[in-house]
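This report refers to the structure that appears directly beneath it.
The values are calculated or read from the model by the stated rules, or taken from the named source; none is laboratory data. Keep in mind that this is a model prediction, so the values were computed, not measured. Note that each Cβ is placed from the backbone with ideal geometry, even for glycine, and that neighbours are counted across all protein chains shown. For the accessible areas, the whole protein counts, side chains as well, though only heavy atoms, and no ligand, DNA or RNA atoms are used. Shrake-Rupley method; radii C 1.70, N 1.55, O 1.52, S 1.80 Å.
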Amino acid sequence: MPTLVNYSGDDEFYSGGSFCSADLGLMLSLGHADVYCPPRKRARISGPFVVEDRSKDPSLEILPDECLFEILRRLPGGRERGAAACVSKRWLTVLSSVRNSEICRSKSYNNLNDAIMISKDEDLEVECDGYLTRCVEGKKATDVRLAAIAVGTSTRGGLGKLSIRGSNSVRGITNVGLSAIAHGCPSLRVLSLWNVPSIGDEGLLEVARECRSLEKLDLSHCRSISNKGLVAIAENCPSLTSLTIESCPKIGNEGLQAIGRCCTKLQSLTIKDCPLVGDQGVASLLSSGASMLSKVKLHGLNITDFSLAVIGHYGKLITNLNLCSLRNVSQKGFWVMGNAQGLQSLVSLTITLCQGATDVGLEAVGKGCPNLKHMCIRKCCFVSDGGLVAFAKEAGSLESLILEECNRITQVGILNAVSNCRKLKSLSLVKCMGIKDLALQTSMLSPCESLRSLSIRSCPGFGSTSLAMVGKLCPKLHQLDLSGLCGITDAGLLPLLENCEGLVKVNLSDCLNLTDQVVLSLATRHGETLELLNLDGCRKVTDASLVAIADYCPLLNDLDVSKCAITDSGVAALSRGVQVNLQVLSLSGCSMVSNKSVPSLKKLGENLLGLNLQHCSVSCSSVELLVEDLWRCDILS
């Protein structure tokens with residue numbers, strides 16, 4: 001026998017069966033077999049009978065996904081599942097398809113390691129209310145990334161807030177990635193999808209089925225999501241409190257009707273630029289008997305007067321209403337909304353680019369909203385002085401008024417409105433081209449003792465005459481913003497400064513005709529209270545102003561003299577002043593400030609947090625020295 005097999009040894013066989021048994025068949029079926037013999041005896045099988053194919057090693061990869069799923073869902077803890085997810089994309093994909101409820105958990109397993117992992121995960125943040133948040137943007141927004149998030153957080157309470165902004169142009173997020181989040185994060189409460197065209201109803205359906213605790217949903221530029229997905233959310237997420245839909249061309253009335261029917265806890269609603277949304281959808285949301293809506297924003301919709309009538313009648317809990325670019329709403333809609341007497345709780349109202357907003361409608365709103373405190377009117381070309389004054393007389397609780405690009409309003413309307421608003425605290429005028437600098441009789445007007453903030457910006461017709469008249473009506477101002485009023489001079493501003501008491505914040509940027517005389521008056525009369533002063537672009541302001549500021553303004557913490565006629569002498573005077581609280585100083589564009597100012601800036605820098613030396617004559621080496629010495633201060637040069 002040894003001769004036949006060309007092998008020397010004894011002729012005895014060991015018991016226990018030969019390699020030609022079923023065991024060998026099993027080994028061969030796996031595609032690889034090694035011959036093993038105890039050291040006392042060697043096999044009597046020659047080489048050709050042993051099949052050995054190293055190119056096909058035994059692997060779990062030959063298992064179908066169903067078997068792999070059953071194996072992976074039995075992993076005992078989050079650390080083990082996280083390690084398994086790193087093996088391959090296939091394993092990660094299978095793991096992400098395991099629902100949280102399908103994970104086999106051992107009661108004796110200690111999850112302490114999972115808690116340790118939370119503190120080591122740099123990508124995740126823990127919000128103050130206790131759940132994990134994640135934001136995925138741009139190139140990082142892929143299905144693989146979402147699957148990894150789902151697997152990594154599934155055993156730690158799951159993801160509570162997810163925001164997806166944009167998508168990878170090559171491997172963008174699809175329904176697969178969103179489904180992975182739904183399966184692994186059933187505790188998801190807040191979901192924001194911005195500009196993810198590949199996510200459609202299928203992904204949103206999975207979220208609806210698995211994430212029953214969803215409270216806030218934001219869909220922006222999601223062109224593949226339709227009413228079907230929104231209906232699923234409505235029927236499965238009764239805790240929804242906030243809904244935002246923007247530029248979603250396939251979402252219309254059907255989806256909103258389902259929301260109104262099922263989501264009785266909805267408090268905040270924003271719908272913008274959705275062409276299929278009409279009166280039926282908006283009315284169904286607002287007319288529900290259980291409606292708890294308090295914040296409503298409707299922007300660029302094809303709704304008519306009917307929707308505004310519904311708002312006026314059923315909006316009993318609405319406190320914040322924003323109406324923008326409603327082209328099909330006429331004067332009648334605003335009139336009915338006000339006269340319906342349903343907006344008793346309304347506190348803030350914003351109307352932008354609505355041709356139906358006229359004097360008649362504005363007066364009706366004033367009558368029908370007794371608790372209105374904040375009013376903003378933008379780009380409403382048919383609102384004039386008559387409507388503004390009538391509104392001011394009716395809105396007895398008004399505290400803040402913003403008028404932007406309302407070109408039919410003149411200083412007559414503004415002065416009378418200010419005089420009639422006994423509780424007005426803030427007035428802002430922006431780009432109102434109808435204002436002309438005319439002298440008017442103001443003796444019959446009562447001062448507005450409550451006004452604390454006055455902002456008149458980029459109104460070229462507003463000059464010294466108008467400013468002097470306004471100054472007589474506003475003796476208690478704390479904040480003054482006149483930026484961009486090229487027409488005002490010292491003669492117009494000085495009476496206002498003399499009539500006011502205790503200005504705190506003053507912005508005079510780009511008031512080209514103001515001189516040191518105004519700054520001297522401001523410093524001597526209001527220096528004890530002044531905290532912020534912006535003189536950016538006031539080219540006639542010189543070192544004399546800095547000397548006055550140094551002497552009289554101890555509380556000043558923010559000073560901007562960019563593009564003023566400031567030299568090294570002015571900076572030196574400022575450094576010798578009483579400004580112990582100065583934290584921000586801007587000298588940008590002051591070309592006469594040179595290296596000589598470095599010692600003065602070092603002295604000022606003991607408290608500075610921000611210093612702007614752009615376009616000054618300070619050398620780079622001097623700036624480097626300042627950076628070394630003023631290590632707490634951010635320096636722009």
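If I filter the stretch 217-238 for residues that are over 24 Å from the mean Cα position of the chain (by Cα), in a loop (DSSP other than H, G, I, E, B) and free of Cβ contacts under 8 Å to residues at least 12 places away in the same chain, do I get at least one hit?
no
I'd like to check something: does the stretch 552-573 contain any residue that is surrounded by fewer than 16 Cβ atoms within 10 Å (Cβ to Cβ), in contact with a strand residue (DSSP E or B) (Cβ under 7 Å, 6 or more places away or on another chain) and under 17 Å from Leu535 (Cβ atoms)?
For the stretch 552-573, residues surrounded by fewer than 16 Cβ atoms within 10 Å (Cβ to Cβ), in contact with a strand residue (DSSP E or B) (Cβ under 7 Å, 6 or more places away or on another chain) and under 17 Å from Leu535 (Cβ atoms): absent.
Rundown of residues vs (1) over 34 Å from the mean Cα position of the chain (by Cα); (2) among the acidic types (Asp, Glu), yes/no style:
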| residue | (1), (2) |
| --- | --- |
| Val412 | yes, no |
| Arg422 | yes, no |
| Cys432 | no, no |
| Asp437 | yes, yes |
| Ser446 | yes, no |
| Ser466 | yes, no |
| Gly471 | yes, no |
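Mind checking which pairs have a first residue in the stretch 384-400 that is over 12 Å from Val360 (Cα atoms) and a second that is surrounded by fewer than 21 Cβ atoms within 10 Å (Cβ to Cβ) and of a type in the set (Ser, Thr, Tyr), Cβ under 9 Å, 6 or more apart or different chains?
Ala392/Ser419; Glu399/Ser426; Glu399/Ser450; Ser400/Ser348; Ser400/Ser426; Ser400/Ser428; Ser400/Ser453
Being open to solvent by less than 50 Å² (accessible area, probe 1.4 Å), assigned to a loop (DSSP other than H, G, I, E, B) and either modelled with pLDDT of 95 or more or charged (D, E, K, R) (or both): is that true of Asp536 here?
Considered against the rule, which asks whether it is open to solvent by less than 50 Å² (accessible area, probe 1.4 Å), assigned to a loop (DSSP other than H, G, I, E, B) and either modelled with pLDDT of 95 or more or charged (D, E, K, R) (or both), Asp536 comes out as yes.
Which of the residues spanning the stretch 305-331 are in a loop (DSSP other than H, G, I, E, B), under 17 Å from Gln355 (Cα atoms) and open to solvent by 50 Å² or more (accessible area, probe 1.4 Å)?
Answer for the stretch 305-331, where residues must be in a loop (DSSP other than H, G, I, E, B), under 17 Å from Gln355 (Cα atoms) and open to solvent by 50 Å² or more (accessible area, probe 1.4 Å): Arg327, Asn328.
Would you check which residues across the stretch 274-292 are surrounded by fewer than 23 Cβ atoms within 10 Å (Cβ to Cβ), in a loop (DSSP other than H, G, I, E, B) and touching a residue at least 12 places away in the same chain (Cβ under 8 Å) and list them?
Correct list: Pro275, Leu276, Gly278, Ser288, Ala290, Ser291, Met292.
Of the residues Gly610, Gly605, only one is surrounded by 19 or more Cβ atoms within 10 Å (Cβ to Cβ) and of a type outside the set (D, E, K, R); which?
From the options Gly610, Gly605, the qualifying one is Gly605.
Test of understanding: among Cys406, Cys380, Cys369, which residue is without any contact (Cβ under 8 Å) to a residue 60 or more places away in the chain, surrounded by 23 or more Cβ atoms within 10 Å (Cβ to Cβ) and within 21 Å of Asp437 (Cβ to Cβ)?
Testing whether each residue is without any contact (Cβ under 8 Å) to a residue 60 or more places away in the chain, surrounded by 23 or more Cβ atoms within 10 Å (Cβ to Cβ) and within 21 Å of Asp437 (Cβ to Cβ) leaves just Cys406.
Given the criteria of a type in the set (Asp, Glu), within 25 Å of Val418 (Cα to Cα) and buried (at least 17 other Cβ atoms within 10 Å of the Cβ), does Asp510 qualify?
The answer is no for Asp510.
Residues being open to solvent by 30 Å² or more (accessible area, probe 1.4 Å) and either in a helix (DSSP H, G or I) or among the small types (Gly, Ala, Ser) (or both): count how many of those fall in the stretch 152-174.
Qualifying residue count, the stretch 152-174: 3.
Of (1) modelled with pLDDT of 95 or more; (2) under 25 Å from the mean Cα position of the chain (by Cα); (3) within 22 Å of Ile225 (Cα to Cα), Cys263 satisfies all except one. Which?
(1)
Out of (1) out of contact with any Cys (no Cβ under 9 Å at 6 or more places or on another chain); (2) part of a loop (DSSP other than H, G, I, E, B), the odd one out for Ser187 is which?
(1)
Being part of a loop (DSSP other than H, G, I, E, B) and either open to solvent by 40 Å² or more (accessible area, probe 1.4 Å) or free of Cβ contacts under 8 Å to residues at least 12 places away in the same chain (or both) is the filter here, so list the residues in the stretch 332-347 that pass it.
Once the filter is applied, which keeps residues that are part of a loop (DSSP other than H, G, I, E, B) and either open to solvent by 40 Å² or more (accessible area, probe 1.4 Å) or free of Cβ contacts under 8 Å to residues at least 12 places away in the same chain (or both), the stretch 332-347 yields Gln341, Gln344, Ser345, Val347.
Considering only residues that are modelled with pLDDT under 95 and part of a helix (DSSP H, G or I), which ones fall in the stretch 492-520?
Gly492, Leu493, Leu494, Pro495, Leu496, Leu497, Glu498, Asn499
Condition (residue is over 24 Å from Ser294 (Cβ atoms) and part of a helix (DSSP H, G or I)) applied to the stretch 246-261: is it met by at least one residue?
There is at least one residue in the stretch 246-261 that is over 24 Å from Ser294 (Cβ atoms) and part of a helix (DSSP H, G or I).
Of the residues that sit in the stretch 580-602 and are surrounded by 15 or more Cβ atoms within 10 Å (Cβ to Cβ) and out of contact with any Ser or Thr (no Cβ under 8 Å at 6 or more places or on another chain), which one is nearest to Asp510 (Cα to Cα)?
Restricting to residues being surrounded by 15 or more Cβ atoms within 10 Å (Cβ to Cβ) and out of contact with any Ser or Thr (no Cβ under 8 Å at 6 or more places or on another chain), the top hit is Leu585.
Report yes if Val383 is more than 22 Å from Leu301 (Cβ to Cβ) and either modelled with pLDDT under 95 or among the hydrophobic types (A, V, I, L, M, F, W, C) (or both), otherwise no.
Here the answer is no, as Val383 does not meet what is asked.
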